[in-house]
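Asker: Have a look at this one before I ask anything.
The values are calculated or read from the model by the stated rules, or taken from the named source; none is laboratory data. All figures in this text were calculated on a predicted structure; none of them were measured in a lab. Glycine gets a Cβ as well: all are built from the backbone with ideal geometry, and neighbour counts include every protein chain shown. Note: areas computed on protein heavy atoms with side chains; ligands, DNA, RNA excluded. Shrake-Rupley method; radii C 1.70, N 1.55, O 1.52, S 1.80 Å.
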Amino acid sequence: KVLVHKLNHTLVQILKQDWPQAWPNFITDLVGASKTSDSLCENNMNILRLLSEEVFDFSTGQMTQAKIRTLKETLNHEFALVFELCQFVLTNSQNMELLVETLQTLLKFLNWIPLGYVFETKMIELLGGRFLPVTVFRNHALRCLTEIGALDTGKQYEENFITMFHGVMLQLQTMLPLPPEDEHHIHYALHLAELYNKGSEEDGNFIANLGLFFTSFFRVHLPLVEGNPNTASQVITAHKYLIGISNVDHKEVFKTCLEYWLWLAEDIYNSWKGVPSFVSYANHNSQRKSAYAQVLSDCRRTMIKKMVKPEEVIIVEDENGEI
């Protein structure tokens, strides 16, 4: 596998120089070869992922702007074939390694492919319905959904974002239900932190990725799901999950949550005071503050608990009784 991986890197370096001029049928050849066997398809997915990274992530300073533009335009122009292959694999394959490689490759595509491939196909439904509930795929699927959820498309595809959020919450409440809020159960704010500490590495990664999903999605789409009757209660539930994630003993996870809570608290305060805010509805601002009251109270307790403690101070009294 190490040798094959190095050969893939070498091929991508050749493509950066010779494609599309000297090898115009590269994508067609690659997609055609992928249909002959699962192992070949898996390796070709890896080549496509490496190519996407080289063209869209690491190209600056390595190629001329004209070459970068040509590669991006060619990859965009021929992406229909690649997408059809990805969708076919994700829909029909039962090969775990191939499915994981395809999800990892799709993740690299999501920040540059035309929006129609995401919102006008069954891609979101596949990610949330087929892969998110399965332990071996859930982190890969959630990363893809996070990338999609962070997209700002304006008024376009609003229903798709609502449906995606609703579906993720339904799956999450089955996969990782919060405990009942009574004295006989652990408080929901501590539940996820306990799972993070006692669970596997995959469990920990899922909880951390869940924090990224919620914070990135809400920063762009909070008014959309907060104002929709089908998802309004799920928004509060999602923030309870975020309270739990904020209690996780991981510096970067806490930092991500902390920045979001600061953003949300400021926005709710501004909307309550009548200052223009990210989320603003007529005759709704006071109800909004009330809806988040318990969540913000639990957030306050979490922030106090996680505050950096001051250094120890030694207080000495001299013979004159002075401190």
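Asker: When the helices in the chain are scored as -39500 (n - 2.57) per DSSP H run of 4 or longer and the sum is shared across all residues, what 222 nm value do you end up with, to the nearest 500 deg cm²/dmol?
Answerer: -21500 deg cm²/dmol
Asker: Could you tell me the relative contact order of the chain? Use alpha-carbon pairs under 8 Å, at least six residues apart, and round to a whole percent.
Answerer: Dividing the mean separation by the residue count of the chain yields 12 percent.
Asker: Please go through region 135-230 and write out the GluC sites (Glu not before Pro) that DSSP classes as loop and that have at most 12 other C-beta atoms within 10 Å.
Answerer: Those that pass, being in a loop and sparsely packed, are Glu181, Glu183.
Asker: Compute the angle between helix 293-306 and the longest alpha-carbon principal axis of the chain, please, reported from 0 to 90 degrees and rounded to the nearest 10.
Answerer: Compared with the principal axis, the helix lies near 90 degrees.
Asker: Return one number: the angle in degrees, 0 to 90 and rounded to the nearest 10, between the long axis of the Cα atoms of helix 232-246 and the longest principal axis of the Cα atoms of the chain.
Answerer: For helix 232-246, the angle is close to 80 degrees.
Asker: Leaving ligands, DNA and RNA out of it, report the carbon-plus-sulfur percent of the accessible area of the chain at a 1.4 Å probe.
Answerer: With neighbouring chains kept in place, the figure for the chain is 55 percent.
Asker: Hey, if we sort Leu176, Leu98 by accessible area with the 1.4 Å probe, largest down, what's the order?
Answerer: Descending accessible area places them as Leu176, Leu98.
Asker: Suppose accessible area is computed on protein heavy atoms with a 1.4 Å probe; arrange Met45, Met303 from highest to lowest.
Answerer: Highest to lowest solvent-accessible surface, that is Met303, Met45.
Asker: Would you kindly compute the Cα radius of gyration of the chain and its largest Cα-Cα separation (Dmax), both in Å?
Answerer: When restricted to the Cα atoms of the chain, Rg and Dmax are 24.1, 92 Å.
Asker: Using a 1.4 Å probe, what is the accessible area per residue for the chain, in Å²?
Answerer: Heavy-atom accessible area per residue stands at 53 Å².
Asker: Mind scanning Lys1/Lys122; Lys198/Lys305; Lys240/Lys306 and naming the pairs with a C-alpha gap bigger than 27 Å?
Answerer: From the list (Lys1/Lys122; Lys198/Lys305; Lys240/Lys306), the Cα-Cα distance tops 27 Å for Lys1/Lys122.
Asker: Remind me, relative contact order of region 94-183 in percent, using alpha carbon pairs under 8 angstrom and six or more residues apart?
Answerer: 31 percent
Asker: On the Cα set of region 1-137, report Rg and Dmax in Å, please.
Answerer: 14.9, 44
Asker: Could you pull out the chymotrypsin sites (Phe, Trp or Tyr not before Pro) across region 26-62 that fall in loop regions by DSSP (anything but H, G, I, E, B) with no more than 15 other Cβ atoms inside 10 Å?
Answerer: Those satisfying the criteria are Phe58.
Asker: GNM, the chain, Cα, under 10 Å: largest mean-square fluctuation among Trp272, Trp23, Trp261?
Answerer: Taking springs between Cα atoms under 10 Å, the residue moving most is Trp23.
Asker: Which of rounded, prolate or oblate describes region 169-232 when judged by the alpha-carbon gyration tensor and an a/c cut-off of 1.5?
Answerer: It is oblate, given that a/c is not under 1.5 and a/b is not larger than b/c.
Asker: Pairs of alpha-carbon atoms within less than 8 angstrom and 6+ residues apart define the contacts here; what relative contact order does region 148-253 have, in percent?
Answerer: 39 percent
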